[in-house]
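Please read the structure below before turning to the comments.
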Amino acid sequence: MPIGTTKLRDGRCIPNLAFGSGSALRGKDAYESVAAALRTGFRHIDTAQLYHNEDSVGMAIKEWLDGGLGYESRGSEKHVIGNSPTFGLSSNKREDLWVTTKYGGGDQGP
């Protein structure tokens, strides 16, 4: 069953289902999970300052945009998955990805 979208007033459509980087991933390295979500077709990533994993979420998104998510890590080794001749040649575009977040009010400074 396909996941629907919601049309916004500006005409763009946001996927109704997002991959969440919190809950079980809160305070943990979320790279592998977010990378897997992007490889399998998720185009909406939900995150929050409170989850304390912004760096790993951002790295997975950056590598997806750069076309570098053709591998998965197992310990200190990386294993290529698939053998696509277009590996590393990204057709992924930032405008095709939704990133939603919540501001936790922290780090406001003095």
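Before moving on, here are some points about what is shown:
- Residue pairs meeting the criteria (Cβ under 8 Å; at least 6 apart or on separate chains; first among the β-branched types (Val, Ile, Thr), in the range 1-27; second part of a loop (DSSP other than H, G, I, E, B) and exposed (fewer than 10 other Cβ atoms within 10 Å of the Cβ)): Ile14/Leu8
- Filtered residues of the range 47-61 (kept if in contact with a helix residue (DSSP H, G or I) (Cβ under 6 Å, 6 or more places away or on another chain), open to solvent by less than 40 Å² (accessible area, probe 1.4 Å) and not in a loop (DSSP other than H, G, I, E, B)): Ser56, Val57, Ala60
- Residue match in the range 29-45 (condition: open to solvent by 70 Å² or more (accessible area, probe 1.4 Å) and at pLDDT below 90): no
- Extreme residue, nearest to Lys102 (Cα to Cα), among residues of the range 3-25 that are touching a Ser or Thr at 6+ places or on another chain (Cβ under 7 Å) and open to solvent by 60 Å² or more (accessible area, probe 1.4 Å): Asn16
- Among the residues of the range 60-90, those identified as among the hydrophobic types (A, V, I, L, M, F, W, C), modelled with pLDDT of 50 or more and more than 16 Å from Thr101 (Cβ to Cβ) are Trp64, Leu65, Leu69, Leu89.
- Residue count for the range 49-64, restricted to those that are of a type outside the set (Ser, Thr, Tyr) and farther than 23 Å from Asn92 by Cα: 3
The values are calculated or read from the model by the stated rules, or taken from the named source; none is laboratory data. Predicted, not measured: the structure shown is a model, and the values here were computed from it. We place every Cβ from the backbone using ideal geometry, glycine too, and count neighbours over all the protein chains shown. Accessible surface is based on the protein model in full, side chains and every heavy atom, while ligands, DNA and RNA are left aside. Shrake-Rupley method; radii C 1.70, N 1.55, O 1.52, S 1.80 Å.
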